Amino acid sequence: MKLAFSTLGVPGLPVPEVLALATEHGYHGVELRAHPEEPVHPGLDPAARAETAALFKGAGVEVLGLAGYARVAAPGDDTPVLEEIRQLLQLAHDLHAPFVRVFPGADPDRPREESDAVAARRLGTAAEDASALGVRILLETHDSHRTGADAIRILGPVGHRQVGALWDVMHTWLGGEQPSESYAALAPHLGYVQVKDIASAEDTTPLPLGAGVLPLTECVDVLSRHGWDGWLCWEYEKRWYESAAPLPALLTAGRDHLVRLLGEAA
């Protein structure tokens, strides 16, 4: 498996410095948080996109994906959601990134079946743009659809190869799902896996990998047993937790922890 980290852990850090961290600490790729407060976002002009792509190529680091914020199950008109996804897909294409992350974001007060149908319809429509651009849309296990069982209620009806799943191991755990259950549900759709660690269900402040309660060993074991050879991406949520330790000093130990888990699972 290849290893990446998310720029959510280094808010606002310029791309050259992000790449320096990746190369110094032995990560193969980077997940870019695609938000206007970050250096890389859909508002970039063509020259900035080309420069960013060249920087990654020159460093020998891959853009794993763009972490977007489109909410595909949210109530309202389809048009703004689809336009947000299209902008993310075009940016991913320009940066040679294979994946774009979207959220479910359903309204808990609406019938579950209605929200699922809205999300499936939007993803099915967006899949045509994704196919044309050679990018895959990944629905993250998050918020209203935090388990694998939740996510496949949307992904199953879509049934398109350019629409898949991003397994966030914290959310499936918080949803009460075992790693083997999550993998079984998501395997036909799995794009990549976000790993992290926290102290408890009540305290989700990010911790160094291996220092908390999340079942990282079990997750890596189930992936290895089934011969999955995709990406593990460390999503360290520093942007939302200012008191968390800075990520750069943790990157080498985090990589070593994942390499150790992979070795033990082999």
Please tell me if VAL63 is farther than 22 Å from ALA253 by Cβ, at pLDDT 95 or above, open to solvent by less than 60 Å² (accessible area, probe 1.4 Å) and more than 17 Å from the chain's Cα centre (by Cα). no
For the range 223-242, how many residues meet the condition of being buried (at least 18 other Cβ atoms within 10 Å of the Cβ) and more than 21 Å from PHE99 (Cβ to Cβ)? 1
Sort out for me the helices (runs of 4 or more DSSP H) sitting completely within the range 105-179 that have 2 or more residues that are over 21 Å from TRP231 (Cα atoms) and open to solvent by 50 Å² or more (accessible area, probe 1.4 Å). 112-133, 148-158
Give the residue that is most open to solvent (accessible area, probe 1.4 Å), with candidates limited to residues of the range 81-104 that are under 19 Å from PRO46 (Cα atoms) and assigned to a loop (DSSP other than H, G, I, E, B). HIS96
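Look through GLY124, GLY159 and report the one residue that is among the small types (Gly, Ala, Ser) and at pLDDT below 95. Write out each step before concluding.
On the way: GLY124 fails: at pLDDT below 95.
So the residue among GLY124, GLY159 that is among the small types (Gly, Ala, Ser) and at pLDDT below 95 is GLY159.
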When the range 7-46 is checked residue by residue, the ones that are surrounded by 12 or more Cβ atoms within 10 Å (Cβ to Cβ), in a loop (DSSP other than H, G, I, E, B) and among the acidic types (Asp, Glu) are GLU38
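When you scan the range 193-214, do you find a residue that is modelled with pLDDT of 95 or more and assigned to a helix (DSSP H, G or I), even just one? Step through it out loud before you land on a result.
The initial filter retains those residues of the range 193-214 that are modelled with pLDDT of 95 or more, namely 193-214.
Pick out the ones that are also assigned to a helix (DSSP H, G or I) and you get none.
There is no residue in the range 193-214 that is modelled with pLDDT of 95 or more and assigned to a helix (DSSP H, G or I).
Being farther than 18 Å from HIS25 by Cβ and surrounded by 20 or more Cβ atoms within 10 Å (Cβ to Cβ): is that true of VAL220 here? Show your work before the answer.
Working: farther than 18 Å from HIS25 by Cβ: yes; surrounded by 20 or more Cβ atoms within 10 Å (Cβ to Cβ): yes.
So VAL220 fits the description; yes.
The values are calculated or read from the model by the stated rules, or taken from the named source; none is laboratory data. Note that this is a predicted model, so its numbers are computed, not measured. Note: ideal-geometry Cβ built from the backbone for every residue, glycine included; neighbour counts use all protein chains shown. When the accessible area is computed, the model is the full protein with side chains, heavy atoms only, and any ligands, DNA or RNA have been set aside. Shrake-Rupley method; radii C 1.70, N 1.55, O 1.52, S 1.80 Å.
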